[in-house]
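The values are calculated or read from the model by the stated rules, or taken from the named source; none is laboratory data. Source: prediction; values computed, not measured. Cβ coordinates were reconstructed from backbone atoms using ideal geometry, including for glycine residues, and neighbour counts include every protein chain displayed.
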Amino acid sequence: MTQQIKPQPGIMDIELYQGGKSAIAGRTDVLKLSSNENPLGPVPAAITAAASAAADMHRYPSTDHAALRTAIGEIWNVDPDRIICGVGSDEVLQFVTQAFAGPGDEIIHTAHGFSLYPVLIHMAGATSVCVPERERVVDVDAILGALSDKTRIVLLTNPGNPTGTRLSDSELARLVDGIPPHVILVIDGAYTEYAERYDGGLSYAATRPNVLMTRTFSKIYGLGGLRIGWGYGPREMIDVMTRIRQPFNLSVIQLAAAEAAVRDTDWVADCAALNAEQRARLIGALGQLGIATDPSDTNFVLARFADKQEARSAEDALTAAGILVRSVAGYGFPEGLRITVGDTDQTGRVIDALNQWRTVA
């Protein structure tokens, strides 16, 4: 009898990812606010650069991503030799978990961190240690209390998703100071550009030997469909991660688009300003409807209803109005809906639909 083919331990414990819905049967006016995408679309300069680069798609891309790393270094005032680029920040997170953790090791993450973390931990063969948050904010004491001799990595989403909350500067400093030298702290800052007066952990990654910062082009730059991200940290750490990076992991189109996008700082500033304005408007309107929210440092708002039934009722009403938002029951918030912040007209459409729902309900 032939031996049955079996996957590695832990693989079948991974739940398949479910992306945000993007279509409603019978409607052509669907407003997708379920995936935290930029309502203004991609950086225009990136579209032009991608179209130009398409003529060279028969050529292999660079293996060192030098032009993109140089551009990131110039814009963010960091050393390009300490940057690693990946297929979204997801791949950079995969590099660090696979390079520095394995069977018998532990990786700490919080209850409402990025949903990919358990997948990456299983892939590395490490043990997941999930700690609770406090009032939808990362609990530094819970993380520090979970540290052990087996801990190799702490994965921190800051600002969080789907909470939208961010650790205060003092609490982040306390966490950084409390992480022992043998443990890597990864500050996952996909939404950093939407948070005012916050560098996404860049200053710690620049000065601490055990801190890695990750960023993405998927959110404010509007390049989610191209999948590009980067990480910044100690040179020794980046060198190790680069050794397991596939040499051609980013295409000529990805590299060209990302370089053009990161250099268009005016576009980023305009998008951040629009988001801050409409985020405040949405939070204010939700408050007037008696729907709880927390301050958000992202491009979305976590709306918390009275219970699961009320959240479902509101989601149904929004869907009937052609608006898709994200139910976050799977993130531990059965009473919650995550609503991406849109432009002025889109935010108005959401507010109108919820006002109508509250009137009928």
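What to note about this one:
- Restricted to segment 329-353, and to residues there that are out of contact with any His (no Cβ under 9 Å at 6 or more places or on another chain) and either on the phi > 0 side of the Ramachandran plot or among the hydrophobic types (A, V, I, L, M, F, W, C) (or both), the residue that is modelled with the lowest pLDDT is ALA329.
- Residue check, ASN275 touching a residue at least 24 places away in the same chain (Cβ under 8 Å) and in a loop (DSSP other than H, G, I, E, B): no
- Whichever residue in segment 184-222 is in a loop (DSSP other than H, G, I, E, B) and hydroxyl-bearing (Ser, Thr, Tyr) and, among such residues, is surrounded by the fewest Cβ atoms within 10 Å (Cβ to Cβ): TYR198
- Filter result for HIS109 (touching a residue at least 60 places away in the same chain (Cβ under 8 Å) and of a type outside the set (A, V, I, L, M)): no
- Residue check, LEU274 surrounded by fewer than 20 Cβ atoms within 10 Å (Cβ to Cβ) and among the hydrophobic types (A, V, I, L, M, F, W, C): yes
- Exactly one residue out of SER89, SER115 is surrounded by fewer than 19 Cβ atoms within 10 Å (Cβ to Cβ), polar (S, T, N, Q) and closer than 25 Å to PHE300 by Cβ: that is SER115.
- Restricting VAL96, VAL92, VAL129 to those that are modelled with pLDDT of 95 or more and either in a strand (DSSP E or B) or in contact with an Asp or Glu (Cβ under 7 Å, 6 or more places away or on another chain) (or both) reduces the list to VAL129.
- Candidate set: segment 306-344, residues that are of a type in the set (Ser, Thr, Tyr) and part of a helix (DSSP H, G or I); chosen: the one surrounded by the most Cβ atoms within 10 Å (Cβ to Cβ): TYR331
- Hey, ALA303 part of a helix (DSSP H, G or I), at pLDDT 95 or above and not acidic (Asp, Glu) or not: no
- Scope segment 80-103; condition more than 17 Å from GLY189 (Cβ to Cβ) and free of Cβ contacts under 8 Å to residues at least 40 places away in the same chain; matching residues: PRO80, GLY102, PRO103
- Positions within segment 331-358 being more than 30 Å from LEU16 (Cα to Cα) and hydroxyl-bearing (Ser, Thr, Tyr), in sequence order: THR344, THR347
- Unmet requirement for PRO180, which otherwise passes all of (1) free of Cβ contacts under 8 Å to residues at least 40 places away in the same chain; (2) under 21 Å from PRO103 (Cα atoms); (3) within 15 Å of the chain's Cα centre (by Cα): (3)
Yes or no, residue by residue, for (1) more than 30 Å from THR127 (Cα to Cα); (2) surrounded by fewer than 12 Cβ atoms within 10 Å (Cβ to Cβ); (3) in contact (Cβ under 8 Å) with a residue 12 or more places away in the chain:
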| residue | (1), (2), (3) |
| --- | --- |
| LYS6 | no, yes, no |
| THR28 | yes, yes, no |
| ALA45 | yes, no, yes |
| ASP56 | yes, no, yes |
| SER62 | yes, no, yes |
| VAL78 | yes, no, yes |
| ASP105 | no, no, yes |
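- A single member of GLY102, GLY113 is part of a loop (DSSP other than H, G, I, E, B) and in contact with a Leu (Cβ under 9 Å, 6 or more places away or on another chain), and it is GLY113.
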